[in-house]
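A quick write-up on the structure given underneath.
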Amino acid sequence: MFWDWNYVWEIMPSLLRASLVTIEATFLGFLLALVLGLVMAILRMSRSQWISVPTAGLVEFIRSTPVLIQIFFIFFVFPEFGIVLPAMTAGVIALGLHYGAYCSEVYRAGLENVPRGQWEASTALNLSPYITFRDIIIPQAIPPVVPALGNYLVALFKETPLLSAIAVLELMQTAKILGSENFRYVEPITLVGVFFLVMSLVAAALIRQVERTLNQSLRNPGGGQ
């Protein structure tokens, strides 16, 4: 029998539990990527070359090396320096760091797109760099780059099966275990593929909705009053 529905319903609870691990890794990894990306973007735009040059080198290094190598390095090499992390934590940090480097370039493009007059006005008003970024620059820089950031969210989500390499029981690893128990891989692997397809489409739809909401708020900041 090519497809067994009884087997599908039997393995469905295990796959659903594993899907929560995949979603958790995606959410935490992307949240970390958003924060690290913004920090790296701001540091890279620093006027001090002692800050901007090393940051640029770090970003290029992270972007130019495979995320799987970074996962292995954090999980297997860090313990040599006394840093022992659980598999899930190591995986989330690796994904967040890797995609944070990509997000930093998106942030940097958005920050550089803010009109120069906004920076000069902030300086003329004697605003601190922190207030300038928080209240003036970032609110203008973020909305235009939401679609690009959303693309990296979907990409990070599709990279989570790599965590199975360090024994994180996410969706793909669970599907492989279930398949090996009964030597039936068609159902679990197909269900995993459908799950990733559906979640990617849902994420893309949510990103488009966020983009429309931000664009409307920018066009009508007063709420029609």
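Descriptive notes on the structure:
- Among the residues listed as A41, A25, the single one being out of contact with any Pro (no Cβ under 6 Å at 6 or more places or on another chain), within 14 Å of L162 (Cα to Cα) and among the small types (G, A, S): A25
- Only helices (runs of 4 or more DSSP H) whose full extent lies in the range 1-109 are considered here, and the ones with at least 3 residues that are touching a Phe, Trp or Tyr at 6+ places or on another chain (Cβ under 8 Å) are 5-44.
- Residue in the range 114-125 that is among the aliphatic types (A, V, I, L, M), in a helix (DSSP H, G or I) and open to solvent by less than 30 Å² (accessible area, probe 1.4 Å) present: no
- Test for I93: is it modelled with pLDDT of 95 or more and open to solvent by 50 Å² or more (accessible area, probe 1.4 Å): yes
- The condition (being out of contact with any strand residue (DSSP E or B) (no Cβ under 6 Å at 6 or more places or on another chain) and free of Cβ contacts under 8 Å to residues at least 12 places away in the same chain) is satisfied by just one residue among A175, A167, A205: A205.
Here's the yes/no breakdown for (1) of a type in the set (S, T, Y); (2) modelled with pLDDT under 95:
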residue	(1), (2)
D4	no, yes
V8	no, yes
I11	no, yes
A18	no, yes
L32	no, no
V39	no, yes
L43	no, yes
S52	yes, yes
R63	no, yes
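- Residue pairs meeting the criteria (Cβ under 6 Å; at least 6 apart or on separate chains; first under 17 Å from R108 (Cβ atoms) and among the hydroxyl-bearing types (S, T, Y), in the range 125-137; second open to solvent by less than 50 Å² (accessible area, probe 1.4 Å) and at pLDDT 80 or above): T132/S122
The values are calculated or read from the model by the stated rules, or taken from the named source; none is laboratory data. Keep in mind the model is a prediction, meaning the values are calculated, not measured. Here Cβ is always computed from backbone atoms with ideal geometry, including for glycine, and neighbour counts include all displayed protein chains. Please note that ligands, DNA and RNA were not included when accessible areas were found on the heavy atoms of the full protein model with its side chains. Shrake-Rupley method; radii C 1.70, N 1.55, O 1.52, S 1.80 Å.
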